[in-house]
């Protein structure tokens, strides 16, 4: 038994684009305990509802996080719409679903790149981000933004996308999907990738469930769950089968995300073909009065929005429970007993989005 | 002969941003934009860096970290504030936790606007930063010659 040493990890660390600090209590090369500390990017934006009116706040909600930005804005709109009893037009629902799936594809590709970078596979990192650029092109073509879309709006979507553009986008996505299949083979079969991922960061099914893991982290441990099954937006008309892996290690979580990218690409094709004609915006009248919890599936897992209105232009409370926050306790559990060299990798396998977690 | 015979190295830190600008900073390194072909390297070590890219505004918790990174960088050093939050606080300006833009904590040389700043403008900001770096180097040289 060696002596115990505390090694700080972060806040500025090459493997993380965002700051998080973890104190690693290390005995020899093994982590005994991981103690996190937060708040480096806490902005307190939930409190901004008292200063910005509820329409304007959509744009703040979108900036909870820059990676899954659209789903945040949309989740907020969905919650407010339910409080105000607004039925959004079907075309708006389908367009929202279209952008949701694009977000998921780009977020998972981004994550795959960062993971490859973390285990030193620079080439794979570059390839993942190259394919991601095609997805971003489609996003830019349909919304005007690359990472912040700004196209969610209470009552529908901010702009319509004509059917020709949707078809053109579907073709682009099909080419990206073909390239992605090549990439997926590397993640699935490559010897060095497997060496770094298999058996690392174990999280058993029971632990994942008790510690409250969400999203791919939970599905990688063999629990069949996906909030898209709730059927918000146009998901009730699409067939979603949650992707589940049972190996419970980093490799399983990686494969869940890989298959989800394929699933998203397929869904995008289907949405582009099936989006109905019609208006995209229903003008809301009045102010929200009441409260509601909206649940959506983000690339990182289930996200919950709580909205409480008091009949004025400012909401009285807004709250987000983000997937990264829910995945921190399982992460700390995974880190116990792991080797010091694997810490960066294991932190990445939950797909941490610190700005989501700290808001 | 210019001081920069070799290309600048960059260290990136997220002050308190929504992440949008951070992923655009990373996107600059990847095949579409690929600043590495000019030799710009994203290093994790502030002691190896010439240029500090900061995204997001500064809050109570991140202030000492930003200061520490800045102080560890060797002279001459240049700070680029990426995105509107880093410039002025942007959409989060009215939040209770803000201390303002990056210039509330350390001197900033180049401001890159945008929410999120596009990779093209970030690259442009870095190119401007190289010119500032050159100036700073000449000023240092003069000061040394005078003393």
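Remarks
- Shielding of B:96-103 by partner chains, average beta-carbon count, 10 Å: 2
- Beta bridges per DSSP with both ends in the protein assembly as shown, % antiparallel, nearest 5: 70 percent
- Separation of the stretch B:32-75 and the stretch A:287-325, taken as the distance between their Cα centroids, equals 35 angstrom.
- Spatial separation of Cα centroids for the stretch A:175-215 and the stretch A:235-250, in angstrom: 13 Å
- Share of Cα-Cα pairs in the protein assembly as shown lying beyond 32 Å, as whole percent: 41 percent
- Ordered by the count of other Cβ atoms within 10 Å of each Cβ, fewest first, A:35, A:86 give A:35, A:86.
- Sorted fewest first by neighbouring Cβ atoms within 10 angstrom, A:81, A:291 come out as A:291, A:81.
- Computed across the stretch A:212-279, the Kirkwood hydrodynamic radius from all distinct Cα-Cα pairs reaches 13.0 Å.
- Counted over the stretch B:1-140, the DSSP beta bridges are approximately 5% antiparallel.
- From helices alone, chain B scores -11000 deg cm²/dmol at 222 nm; the rule is -39500 (n - 2.57) for each run of n ≥ 4 DSSP H residues, then divide by the residue total.
- Seen from every direction in turn and averaged, the convex hull around the alpha carbons of the stretch B:40-90 projects onto 3.7 nm².
- Length, then width, then depth: along the principal axes, the Cα atoms of the stretch A:1-119 run 64, 34, 21 Å.
- The Stokes-Einstein estimate for the stretch A:65-193, based on a Kirkwood radius over Cα pairs and taken at 37 °C with 0.692 mPa s viscosity, is a diffusion coefficient of 208 µm²/s.
- All Cα-Cα distances of chain B, cut into 5 Å bins from zero to the largest, leave 2, 10, 20, 23, 20, 13, 7, 3, 1, 0 percent in each bin in turn.
- When peptides B:29-39, A:321-331 are ranked by their average number of other Cβ atoms within 10 Å per residue, the highest-first order is A:321-331, B:29-39.
- Between 0 and 90 degrees, the angle of helix A:69-84 with respect to the longest Cα principal axis of chain A falls at about 50 degrees.
- Mean projection area, nm², convex hull over Cα of the stretch A:127-182: 4.2 nm²
- Cα long-axis angle, helix B:119-146 against chain B (0 to 90 degrees, to the nearest 10): 40 degrees
- Between helix B:63-72 and chain B: long-axis angle, C-alpha atoms, 0 to 90°, nearest 10: 10 degrees
- Over chain A, DSSP H runs of length four or greater, each weighted -39,500 (n - 2.57), average out per residue to a 222 nm ellipticity of -15000 deg cm²/dmol.
- Fewest-first ranking of A:359, A:317, using other Cβ atoms within 10 Å as the exposure measure: A:317, A:359
- Both radii were evaluated on the Cα set of the stretch A:1-67; the Rg over Rh quotient, with Rh as the Kirkwood radius, amounts to 1.23.
Here, each number is a calculation from the coordinates, and none is a lab measurement. Owing to the predicted nature of the structure, the values given are computational and were not obtained by experimental measurement. Counting neighbours? That spans all protein chains shown, and the Cβs are built from the backbone with ideal geometry, glycine included.
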